[in-house]
Amino acid sequence: MRILYIDIDTLRPDHLGCYGYHRNTSPNIDAIAKDALRFDQYYTPNAPCLPSRTSLYSGRLGIQTGVVGHGGTAADPKLEGKLRNFRGSFTEESLPRNLQKLGLYTAMISPFGQRHSAYWFLAGFNEVHDTGKGGMESAEEIQPVIDRWFDANAKRDNWYLHINVWDPHTPYRVPAEFGEPFKDEPLPKWLDDDELIQRHMKKAGPHSALDVTMYDDQENPRFPRQPGKVTDKASMRKLIDGYDTGILYADAVVGKIVAHLKAAGVYDDTIIILSSDHGENFGELGIYAEHATADVGTCRIPFIVKWPGGPKGKANTNLHCNVDLAPTLMDLLDGPKPELWDGQSFAGEIIPGKPSETPREELILGQCCHVCQRSVRFGNWLYMRTYHDGFHLFPQEMLFDLANDPHEQNNLAASRPEICHEAAWRLARWHDEQMQKMAIHCSDVTDPLWTVIREGGPLHAKHDPGRSQLPKYLERLEKTDRSDSAKALREKYARYLK
């Protein structure tokens, strides 16, 4: 048995050909999808990078592990206290460790553990190749490591390999000699709109149209594909072309991986899973080139499974999330499932006759790195509840009809209170269930979202004096014709600005 997990950072599914994108960004991924089952409503429940990958391999939600942030207490797992044995739960109950128990040799090619000091991410791996630049690697630097691993191991039986590729992540770093493959391709229709661009230029907040590089528009000459702001169709094109070129560059790695498997004669028998840690906002909520919210743009990710004997070229539309992968793999491989895991198996959707739990009616999505939000994804709806707005001036409640407004431009919360009430009830029910589980399996009963706020706000939007970007950002807002937003933020955060 051979299992390959291809993890392409910051990959929006709707920028892949197999998900309907009009640009040819992903010919090699698309070819795998023809031999695979494509999942159309697959999400990370905890965004962005560190919380997502922690959920993936722990099989647990961030509210349980404590990892929901990028800094402070909530960037590390909760202490297990008296519940900890000789080995902690991340070692003994992670997905990779359970694959080891089934006799698989587990290997990883990724700098992620060091990038986020997330050494629990490495738990259960026999072999780790840190590619050395903390996520700033480009594909040509990772490819030789991949080549050496496959040359040595492709024909070997019983392995699991996780490969990380980073090129779609900001800053867009594809070498200049790769050219401009999409210079003559149209933009996504909804972004090819001068009125939308002008409207978004009035918005405030990190990574808004005038502040693509977070709190300003400063461009780095090392990364000429990355614009500092979006003010017209030309700069919009530069941004989208930069991202799409990163996908195409990463896709070439996928093609070379497939070539290795075919050369070794093991492609047909190898299980291939392709996914990501999170998506990327390109205009959703007025945010550009960042994975900053608990919405569809950030939390929806591709999930493609090529399983020998499984469906080919088909799509699955049920709601799933990345904590579901661990129990699903264990059911597919007839392995054990730790009681701590929070996911729901959907093994029967991949191989008929295997166990599957009742499809989810809803997903709860969370973000505590740029904002503090929890959202409910159900039916055609996305309900978002904001606890810390990350200096975006988001209202407490937002509601979007994704069937008619897939890019989250029209907040219907005021006009559809009955949907908000239902969503808030779903969120409260979920929270009760999580706190009850926490009381049994954790050493505390602390919701880490509130830890983030107590410690001064999300890492990328601190509100506490001395560490906050807000005072300087208020000056920038006033200098860029956004004084109304500056005034509103001064009033909202007045006690931290004294």
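Computed from the coordinates by the stated procedures, all read-outs in this text should not be read as laboratory data. Quick caveat: nothing in here was measured; it's all calculated off a predicted structure. Every residue, glycine as well, gets a Cβ built from its backbone with ideal geometry; the counts of neighbours run over all protein chains shown.
Would you tally the net charge around F90, using a Cβ to Cβ cut-off of less than 13 Å, leaving F90 out, and scoring K and R as +1, D and E as -1?
Values: positive: R53, R60, K78, R84, R87, R97; negative: D76, E80, E92, E93.
Local charge sum for F90: +2.
Kindly rank 21-27, 200-206 from highest to lowest mean number of other beta carbons found within 10 Å of each residue. Could you put the intermediate results ahead of the total?
Details: 21-27: 18.6, 200-206: 21.0.
Final packing ranking: 200-206, 21-27.
Taking a ≥ b ≥ c as the square roots of the Cα gyration tensor eigenvalues, with a/c under 1.5 meaning rounded and otherwise prolate when a/b beats b/c, else oblate, which class fits region 429-496?
Working: a/c = 4.16, a/b = 2.82, b/c = 1.48.
Prolate, since a/c reaches 1.5 and a/b exceeds b/c.
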For Cα pairs less than 8 Å apart in space and 6+ apart in sequence, what is the mean separation divided by the residue count of region 2-361, i.e. the relative contact order in percent?
30 percent
Subtract the Cα-Cα distance of T317 and D268 from 0.36 nm times their separation in residues, and report this length gain in nm to one decimal.
15.1 nm
Per-residue ³J(HN,Hα) for region 445-453, Karplus 6.51 cos²θ - 1.76 cosθ + 1.60, θ = phi - 60°, Hz, x for Gly and Pro:
10, 9, 7, x, 4, 6, 5, 4, 5
Could you compute the FRET efficiency for K34 and K498, with r as their C-beta to C-beta distance and R0 at 45 Å, rounded to 0.05?
0.15
If the chain between D130 and D334 were fully extended at 0.36 nm per residue, the gain over the current Cα-Cα distance would be 70.3 nm
Cross-link reach from K34 to lysines, straight Cα distance under 27 Å and at least 8 residues apart if same chain, gives K155, K189, K256, K262, K306, K312, K314, K354
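Report the number of Lys pairs in region 364-496 whose alpha-carbons are under 28 Å apart, with separation of 8 or more residues or on distinct chains.
Details: K462/K472; K462/K479; K462/K487; K462/K492; K472/K487; K472/K492; K479/K487; K479/K492.
Value for region 364-496: 8.
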Hydrodynamic radius (Kirkwood) for the chain, which is based on Cα pairs only, to one decimal in Å:
23.1 Å
Under 16 Å from the Cα of K101, which lysines turn up, not counting those fewer than eight places away in the same chain?
K337
In nm, to one decimal, how far is the modelled label at R454 from the one at H22, with both set 7 Å along Cα→Cβ?
5.0 nm
Sorting check: for 479-490, 102-113, which peptide has the highest mean count of neighbouring beta carbons within 10 Å, and how do the rest follow?
102-113, 479-490
Which length gain, in nm to one decimal place, applies between D405 and A439 when the Cα-Cα distance is subtracted from 0.36 nm times their residue separation?
8.3 nm
17 Å reach of a label modelled at K202, 7 Å along Cα-to-Cβ, counting backbone N of region 466-494:
477-489
L79 versus F223, label points 7 Å from Cα toward the beta carbon: distance in nm?
3.7 nm
Between L102 and Y387, how many nm apart are label points set 7 Å from Cα along the C-beta direction?
3.5 nm
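Determine the relative contact order of region 356-498: mean sequence separation of Cα pairs under 8 Å and six or more apart, normalised by residue count, in whole percent.
Numbers: 174 pairs, mean separation 27.4, N = 143.
Dividing the mean separation by the residue count of region 356-498 yields 19 percent.
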Rounded, prolate or oblate: which one fits region 264-331, using the alpha carbon gyration tensor with axes a ≥ b ≥ c (rounded when a/c is under 1.5, else prolate when a/b beats b/c, else oblate)?
prolate
Only residues of region 424-464 count here: report those whose backbone N is under 19 Å from the spot 7 Å along Cα→Cβ of A488, or say none.
461-463
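So what's the net charge close to D35: Lys and Arg +1, Asp and Glu -1, counting the other residues with Cβ under 14 Å from its Cβ? Don't jump to the answer; show the numbers that get you there.
On the way: positive: K34, R38, K262, K306, K312, K314; negative: D30, D268, D269.
Taking every Cβ under 14 Å from that of D35, the sum is +3.
Grab the beta carbon distance between D184 and E141, set R0 = 45 Å, and tell me the FRET efficiency rounded to 0.05. Could you put the intermediate results ahead of the total?
On the way: r = 29 Å, r/R0 = 0.64.
After rounding, the FRET efficiency stands at 0.95.
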Protection proxy ranking, peptides 29-37, 124-132, average beta carbon neighbours within 10 Å, highest first
29-37, 124-132
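So what's the net charge close to F400: Lys and Arg +1, Asp and Glu -1, counting the other residues with Cβ under 12 Å from its Cβ?
-4
By the gyration tensor of its Cα atoms, with a ≥ b ≥ c the square roots of the eigenvalues, what is the shape of region 364-496: rounded for a/c under 1.5, prolate for a/b over b/c, or oblate? Show your work: numbers first, answer last.
Working: a/c = 2.74, a/b = 1.23, b/c = 2.22.
Here region 364-496 falls in the oblate category.
Just for the chain, what percent of DSSP beta bridges are antiparallel, to the closest 5?
On the way: 29 of 57 bridges.
Counting only bridges with both partners in the chain, antiparallel ones make up about 50 percent.
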